[in-house]
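Below is one structure, written out as structure tokens, with a few remarks after it.
The values are calculated or read from the model by the stated rules, or taken from the named source; none is laboratory data. Remember, it's a predicted structure, so these values are computed and weren't measured experimentally. Don't worry about glycine lacking a Cβ; one is built from the backbone with ideal geometry, like all the others, and counts go over all protein chains shown. Protein only, heavy atoms only, side chains kept; ligands, DNA and RNA dropped before computing areas. Shrake-Rupley method; radii C 1.70, N 1.55, O 1.52, S 1.80 Å.
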Amino acid sequence: MYTYQAMYEDTIAALSTPLGEGGIGIVRLSGPDALAIAQKVFHHPLQDRRLVYGHIIDPATKEVVDEVLVSYMAAPHTYTREDIVEINCHGGPLPLQRVLELVLRHGARLANPGEFTLRAFLNGRIDLAQAESVVDVVRAKTAASLRVAVQGLGGGLSQSLKAVRAELMSVLAYLTARIDFPEDEVAEQEIIPPLERARRMLVELISSADQGIVYRLGVMTAIVGRRNVGKSSLLNRLLRQSRAIVSPVPGTTRDTVEEVVNLKGVPFVLIDTAGMVQRKGLVESLGVARSRKAIEQADIVLLVLDASTNLRSSDREIIALLSELREKEVLVAANKCDLPRRALFDHLAWATVSISALTGEGLDKLEERMVACVLGGKVSTSDALLVSNPRHKACLERAEGHLEQALSSIAAQMPDDFITIDLTAALNALGEITGETVSEELLETIFSNFCIGK
Ligand SMILES: Nc1nc2c(ncn2[C@@H]2O[C@H](COP(=O)(O)OP(=O)(O)OP(=O)(O)O)[C@@H](O)[C@H]2O)c(=O)[nH]1
Ligand SMILES: [Mg+2]
């Protein structure tokens, strides 16, 4: 378990904007010495929540490094709950690097990835689920993804969990009291209804995750098919730009191409693969292996077939491969419908949409179908809470499993200890979401996904 450190003794600094040319770039400091360090290189007096104009000067050489605006925000009402200084520099790699070096030389330590947010969590300003939402906000792929992430940032999930926890705590309190009155008859009335309410709430949250995770991660969509059927043309169409090379030469795509596109508010991660053929050549077999991998990882598979020619053996091989993978969502794009039609795909088990990647015909229909595949057509526009993080979903499922176990122990009239153990385990699983019960190792994994300066 993580040992709570009330306050850090060191002061961290990092570049909080991307390193490149921009209007401004920000060097951020957080910690007890943030103000003192800033004042060593910036001589105008800083005041709490005032923006002060001046120059960053290297004390060693008296050289002016940059012309800046500096803000100081005193603890505890800050992002990290510590003293924070933000130096707004000219947005160029050189001034930013030099200002950062200067504050590091005067007592600050370079922040680790996500360390500002980690401090916000460890100092108790936000819980772990909120901290994780910070990354989701930064990486949101569509407006809907952003809405889900911002909801998490506001602590929506933690609020819902409070209600679940309250029910479990009431049962635990009751069971503890009952030790003194073991012959109490009304027991079940006090235990079962709150446990069932808690379980219903968990089930609802878990079922929201299918949608939520889609918004957060995007729908992995593998575009597969025989060579030359128009997979790359379709990718370009869906992206509305020429991303992948298209040519009449079979075997054009050798490497997998991956791009995110927003279709009706839902982010899709499109993966164009090398056309499948099982023949000679190392590069080709690598390509085929990649297609297989793309299919395995995909949430949905777009199988592209050429409707202007009859099915060939390599088409049949792919169809056979996909038929084996029963639970995969497969959509057939019958391409080249602008040409005279030769083949019908009625015998296939999957929904088929006629399209022309050349003219764009049928693309709208295909997009609709793709969205319907993942969300059953429901695109979230409401403010209903969606669990969007697979880690949270896993914890919720564990908690729900323990409640189920507790309820069956009650039904089997097991001793109270059995119930207490499961309720405690359920509470711990919920605590892992918000971070009350979380290992240092897990924290490290979570925060290593952050960028430096966040
Ligand atoms: N008439 C017609 N031609 C198309 C259509 N879609 C693609 N093509 C043509 O078919 C050829 C192959 O297209 P690609 O998109 O490169 O096919 P691919 O499936 O990516 O091929 P590989 O990468 O080699 O596996 C190109 O000459 C395209 O212009 C279509 O809808 N109609
Ligand atoms: Mg291609």
| message | Quick check for the chain: number of Lys pairs with alpha-carbon distance under 23 Å, counting only pairs 8 or more apart or on different chains? | response | 24
| So which DSSP H runs in the chain come out at 20 Å plus along the axis (Cα) with average Kyte-Doolittle of at least -1.0? | 156-178, 187-217, 282-297, 390-411, 416-434
| message | Placing +1 on the Cβ of each Lys and Arg and -1 on the Cβ of each Asp and Glu in the chain, which of Leu46, Ser207, Ser145 has its Cα farthest towards the positive end of the resulting dipole? | response | Ser145
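Write out the trypsin sites (Lys or Arg not before Pro) in segment 9-81 meeting two conditions: DSSP loop, and at most 12 other Cβ atoms within 10 Å of their Cβ. Could the numbers behind the result be given before it?
Values: sites: Arg28, Lys40, Arg49, Arg50, Lys62, Arg81; in loops: Arg49, Arg50, Lys62, Arg81.
Sites meeting the loop and neighbour criteria: Arg49, Arg50, Lys62.
Counting other Cβ atoms within 10 Å, which GluC sites (Glu not before Pro) in segment 327-373 have at most 14 and lie in a DSSP loop? It would help to have the intermediate numbers written out before the result.
On the way: sites: Glu327, Glu329, Glu361, Glu367, Glu368; in loops: Glu327, Glu361.
The qualifying sites are Glu327, Glu361.
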| task | Compare the Cα positions of Thr359, Leu348, Val330 along the charge dipole of segment 301-371 (+1 at Cβ of Lys, Arg; -1 at Cβ of Asp, Glu; about the Cα centre) and return the one farthest towards the positive end. | result | Leu348
| note | Summing +1 per Lys or Arg and -1 per Asp or Glu among the other residues with Cβ less than 13 Å from Cys89's Cβ gives -3
| query | How high is the relative contact order of the chain, given as a whole-number percent (alpha carbon pairs under 8 Å, six or more residues apart)? | reply | 16 percent
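First compute the accessible area of the chain with a 1.4 Å probe, then give the percent of it belonging to carbon and sulfur atoms.
Working: 11940 of 21940 Å².
Percent of accessible area from carbon and sulfur atoms in the chain: 54.
Take the Cβ-Cβ distance between Arg312 and Glu397 as r, set R0 to 41 Å, and report the resulting FRET efficiency rounded to the nearest 0.05.
Values: r = 44 Å, r/R0 = 1.08.
That gives a FRET efficiency of 0.40.
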| request: With only Lys, Arg, Asp and Glu charged, each at its Cβ (+1 for the first two, -1 for the last two), find how big the charge dipole of segment 223-358 is about the Cα centre; round to the nearest 20 debye. | output: 360 debye
| field | Distance-filtered residues of segment 342-361 - backbone nitrogen under 18 Å, label point 7 angstrom along Arg326 Cα→Cβ | value | 349-350
| With the other protein chains left in place, how much accessible area per residue, in square angstrom, belongs to segment 12-127 at a 1.4 angstrom probe? | 44 Å²
| Considering only protein heavy atoms, what per residue accessible area in square angstrom results for segment 218-375 with a 1.4 angstrom probe? | 48 Å²
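Compute the length gained on full extension between Asn449 and Gln47: take 0.36 nm times their separation in residues and subtract their Cα-Cα distance, giving the result in nm to one decimal.
On the way: separation 402, 0.36 × 402 = 144.72 nm, distance 3.40 nm.
My answer for the length gained is 141.3 nm.
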| query | Cα centroids of segment 70-105 and segment 297-318: how far apart, whole angstrom? | reply | 55 Å
| Residue farthest toward the positive end of the dipole of the chain, with Cβ of Lys/Arg at +1 and Asp/Glu at -1: which of Gly23, Asn112, Ile223? | Ile223
